[in-house]
Amino acid sequence: MEKVCLELENIELTFLDEVILAIPRLAVHQFDRIGIVGKNGAGKSTLLKLMNGQLKPDQGQVRRFADFAYFDQLTSPVEDEIEYELRGKLAIPKTEIANFSGGEKTRMKLAQLFSNYHEGLLIDEPTTHLDAAGTQFFIDELMYYYGALVLISHDRYVLDQLVTKIWEVEDGHVTEYTGNYSDYVEQKELERKQQQEQHEKYVKEKSRLVKAAEEKMKKADKITQANGQMSKKDTKAKANKMFMTKSKDTSQKSVQRAAKAIEQRVEQMEAVEAPKEEQAIHFHQSSVLQLHNRFPIMADRLTLKVENKILLQDASFQFPLGKTIVITGKNGSGKTTLLQHIISQGEGLTISPKAMIGAYQQMGYQFTSDKSVIAYMRENSDYNESKIRAVLHAMSFTGNDVNKNIRDLSGGEAIRLVLCSLFLGKYNVLVLDEPTNFLDVFCIEALERFLAGYDGTVILVSHDRTFVERVADDVYVIENQQLRLKS
């Protein structure tokens, strides 16, 4: 039997009187490989910090019986010893950390993590800034790791490759599922179908009981009417038939009692809600925004440089109308530079004069105007209120979130709002640079539905393998200063 490396028992963690986590018991065993999933703000990172001892619960105990290392996506790396071979494998530059890119900082922290053996690893979003090669390195290092792994990730491919259990964090509670992410999705779909069946059964039984109660009451009313229609001259007969009348009264009351009993059964029935359905969302473009060029964005022998470094040399391409084009390549190959060149409609490009380009770029979004989320969306969209609310809901703006002041939004919320405004905005070409970074899995899946329902042309950069497979019509790769279409 595998030993317990870490245990949480009777945990309660609150913030401003709101319960963030309530956990009766969770355990991490010696060779567990656990993936933590949940919406942004659900408490995933909080749970990991509890396990690492950085946070103390208001109630309950966290017991560690093994040596755990902790990887935090938000902290900057510090100068530390790194295994020479790992430094080479991860191409970590020999320069000041202050000059590192986001991807280089992540690779350095991973090299430090893997330079020493630990019995357990607590890892929070390790692949956010990594390219495909960096992500594969991470997978390869952990594929045969001999210890307990607890991993938060929005990368479904990484979760499928590395974990055998899923912890779902929702409404302060943690539910455990056996298997990798794909297995978890299958189990959730089975739960949804079972809930739908139980809901239909509940509705059918409730309808049957309500109908039966109504029929009983009608029967009681008929008996009342029959008694009321007896004339005065029937009074003597009625007196002579006291037993019969009494019998009728008794019958009426018993029918009413039966009806009341059925109504009580209906009230006592445990309601089964219908499962939430993810609605397909379509973004119809107005005739004013429609493009008619077969290839609204083209280049003929385009050369791109950054300072003295050539990123693209004599590159030619034609991006077709209405397609989702994904550009891939290693960190530093020129993907973001190419997107910025398209956004600014730079030299060497032929772009349709009717192109209205909306852009999402990798940066910290901070709103300065003083208005609510819903008011901001109304100002930046021609769509009706119900469509705007549906899109916001899909991106996890639920309940009172739509009334939040946009200046008070967190970084993740601001990113989600920018993406919503792009799909609902007055654009016919969207340019998206790593749009899945900092989104939870559920928002990534909503973004996939957005792209499926979008009529315009989309050019995007992403290292998320599953996302690319689901949304791309064409995939291009930048390598050796060339942009080529992958077959």
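Yes or no, residue by residue, for (1) of a type in the set (Asp, Glu); (2) closer than 30 Å to Glu170 by Cα; (3) surrounded by fewer than 19 Cβ atoms within 10 Å (Cβ to Cβ); (4) under 24 Å from the mean Cα position of the chain (by Cα):
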residue	(1), (2), (3), (4)
Leu339	no, no, no, no
Ser344	no, no, yes, no
Pro353	no, no, yes, no
Met363	no, yes, yes, yes
Ser369	no, no, yes, no
Ile374	no, yes, yes, yes
Glu379	yes, no, yes, no
Asp408	yes, yes, yes, yes
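Residues checked against (1) crowded, with 20+ Cβ neighbours inside 10 Å; (2) over 25 Å from the mean Cα position of the chain (by Cα); (3) β-branched (Val, Ile, Thr):
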{"residue": "Gly43", "(1), (2), (3)": "yes, no, no"}
{"residue": "Asp58", "(1), (2), (3)": "no, yes, no"}
{"residue": "Val62", "(1), (2), (3)": "no, yes, yes"}
{"residue": "Asp72", "(1), (2), (3)": "no, no, no"}
{"residue": "Arg107", "(1), (2), (3)": "yes, yes, no"}
{"residue": "Glu125", "(1), (2), (3)": "yes, no, no"}
{"residue": "Ile152", "(1), (2), (3)": "yes, no, yes"}
Do the conditions hold for Tyr181, that is, is it at pLDDT 90 or above and closer than 27 Å to Ile11 by Cβ? yes
Hits in the stretch 161-170 (condition: outside any strand (DSSP E or B), in contact (Cβ under 8 Å) with a residue 24 or more places away in the chain and surrounded by fewer than 22 Cβ atoms within 10 Å (Cβ to Cβ)): Thr164
Quickly run through the stretch 36-87 and pick out the residues that are outside any loop (DSSP other than H, G, I, E, B), at pLDDT below 85 and farther than 21 Å from Gly120 by Cβ. Tyr84, Glu85, Arg87
Residue in the stretch 308-337 that is farthest from His129 (Cα to Cα), counting only those that are of a type in the set (A, V, I, L, M) and within 28 Å of the chain's Cα centre (by Cα): Ile325
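Could you please give the count of residues in the stretch 388-409 that are under 17 Å from Cys443 (Cα atoms) and either part of a helix (DSSP H, G or I) or free of Cβ contacts under 8 Å to residues at least 12 places away in the same chain (or both)?
Quick first cut of the stretch 388-409, residues under 17 Å from Cys443 (Cα atoms) only: 388-399, 401-402, 409.
Remaining after also requiring either part of a helix (DSSP H, G or I) or free of Cβ contacts under 8 Å to residues at least 12 places away in the same chain (or both): 388-394, 398-399, 401-402.
Of the residues in that region, 11 qualify.
Does Ile325 satisfy the condition of being closer than 25 Å to Ser286 by Cβ, outside any loop (DSSP other than H, G, I, E, B) and touching a helix residue (DSSP H, G or I) at 6+ places or on another chain (Cβ under 7 Å)? Walk me through how you get there before you give the answer.
Numbers: closer than 25 Å to Ser286 by Cβ: yes; outside any loop (DSSP other than H, G, I, E, B): yes; touching a helix residue (DSSP H, G or I) at 6+ places or on another chain (Cβ under 7 Å): no.
No: the conditions fail for Ile325.
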Across the stretch 455-465, what is the number of residues that are surrounded by fewer than 22 Cβ atoms within 10 Å (Cβ to Cβ) and out of contact with any Ser or Thr (no Cβ under 8 Å at 6 or more places or on another chain)? 1
Residue list for the stretch 410-433, filter: touching a residue at least 60 places away in the same chain (Cβ under 8 Å) and of a type in the set (Val, Ile, Thr): Val429, Val431
State all residues of the stretch 385-395 that are over 15 Å from Ala42 (Cα atoms), buried (at least 19 other Cβ atoms within 10 Å of the Cβ) and under 15 Å from the mean Cα position of the chain (by Cα); if no residue qualifies, say none. Val391, Leu392, Ala394
Let me confirm something: among Thr398, Thr436, which residue is of a type in the set (S, T, N, Q), surrounded by fewer than 19 Cβ atoms within 10 Å (Cβ to Cβ) and either modelled with pLDDT under 90 or in the same structural domain as Gln362 (by TED's automatic domain parsing) (or both)? Thr398
Answer yes or no as to whether Val306 is exposed (fewer than 15 other Cβ atoms within 10 Å of the Cβ) and free of Cβ contacts under 8 Å to residues at least 24 places away in the same chain. no
If we ask which residues in the stretch 448-481 are part of a helix (DSSP H, G or I) and either under 27 Å from Leu311 (Cβ atoms) or in contact with a Lys or Arg (Cβ under 7 Å, 6 or more places away or on another chain) (or both), their number turns out to be 8
Could you list, in sequence order, all residues of the stretch 17-31 that are farther than 14 Å from Gly172 by Cα, out of contact with any Lys or Arg (no Cβ under 6 Å at 6 or more places or on another chain) and not in a strand (DSSP E or B)? Phe31
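The values are calculated or read from the model by the stated rules, or taken from the named source; none is laboratory data. Keep in mind it's a predicted model, so treat the numbers as computed, not measured. Please note: Cβ atoms are built from the backbone with ideal geometry, for glycine as well, and neighbour counts cover all protein chains shown.
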